[in-house]
Amino acid sequence: FDADNDVFVPWVYLVDLPKGFASGFNGYAAEGVVDLVGLEENGEPITASEMYPRYLILNNKPDTATWWIILKGANSPATCPNLACHRMDGYICNEDEKCISLYIPLPNELNLINVEPYVPATLHTGYPKAGFGLFFMRPYGGQFDSFTTLGWSYQRAQGSSVAATWDVIHPIHRRYSNIPDIP
């Protein structure tokens, strides 16, 4: 790679205009040397030991949902030599900060997670369902670990008309470190 000329900037739209959805999706972007396998920037891995995703499920209409998009790099910890054995281990909470512990498998390098099945019925009596998560990146059977993880939350709400329908995609906040294995 040429650090002065190699720039990786994705630009994607998630669009379903007949239903009223259109969102710009800015993926991972970096200037300088970018390793697309390990997601390194300037020779250091971009790692995350914790993620803080949000969710909002406005109603039970078929096009209403929250998806978490989790991208893992190939710099798996030694205790987990392949990508299939990672998970997000932690808590999912409602807006009143009532939380339930759970884990969500991350079997692929790119994971599209429909959030509603992971939201326990005890957190909400109906719609809207809104809240947040606190998750630690962990290999199955291993210690909490930092590895390259990037995430986005894609929220869609189907309203009573196209004018009342909306969607948004935003990065999931994470504890960032360019030093591996920071707990």
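Can you compute the modelled spin-label distance between Ile100 and Trp166, with each label point 7 Å from Cα toward Cβ, in nm?
2.7
List the lysines whose Cα sits under 20 Å from the Cα of Lys61, skipping any in the same chain fewer than 8 residues away.
Lys19, Lys129
Starting with the highest mean, order 119-130, 162-173, 56-67 by the number of other Cβ atoms within 10 Å, averaged over the residues of each peptide.
Output ranking for 119-130, 162-173, 56-67: 56-67, 162-173, 119-130.
Given 0.36 nm per residue, what is the gain on full extension from Tyr127 to Asn108 after removing their alpha carbon distance, in nm?
This chain segment gains 3.8 nm when fully extended.
Readers should treat all values here as calculations from the given coordinates under stated rules, not as data from a laboratory. Computed from a prediction, not measured in an experiment: that's the story for all the values here. Here Cβ is always computed from backbone atoms with ideal geometry, including for glycine, and neighbour counts include all displayed protein chains.
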